[in-house]
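Just so it is clear, none of the values below were taken in a lab; they were calculated from the coordinates. All values reported here derive from a predicted model rather than from experimental measurement. Please note: Cβ atoms are built from the backbone with ideal geometry, for glycine as well, and neighbour counts cover all protein chains shown.
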Amino acid sequence: MPGPLTRRQLLIRTGGASVALVCLGALPSGAVADPAALTSARAATYAALLDAIDADPAYALGRHDLVEERFAALYRADESLSAFADPVLDALGSNFATLPSAAAHAELAGWNGQRKADALALVELLFEPSPDTHTVVFTV
């Protein structure tokens, strides 16, 4: 039996064994974040956007949790959607996600220009038109 181990020798030996076990897959490695996943801040902003639209009595969006799950899945799967959604959600700002639904609706209604159009387009992507809807195009 060899002599006593120093703390340094023990750390070196057990560290080497741990690295070997991780490389062989015997020990679990740390959880790696999915780079394509929707961040929690952007998910909260998207949820607040749904709440803001649903605060209008003319709309009833239904179950937000299903819409949010579908959005997160599409976001992860479609790079063009995430490339469009990221700047839109970031432009809404983190403060938007903290507003009550009525205040968020008032803020959304007060926006003009591209930010409002992009925010509404982002939500509209997940809602398919009713089969009873007919588009009428008027020309002059």
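A few notes on this one:
- Shape call, region 57-112: gyration tensor on alpha carbons, a/c limit 1.5: oblate
- Efficiency of FRET from Cβ geometry, Ala37 and Leu120, R₀ 25 Å, rounded to 0.05: 0.55
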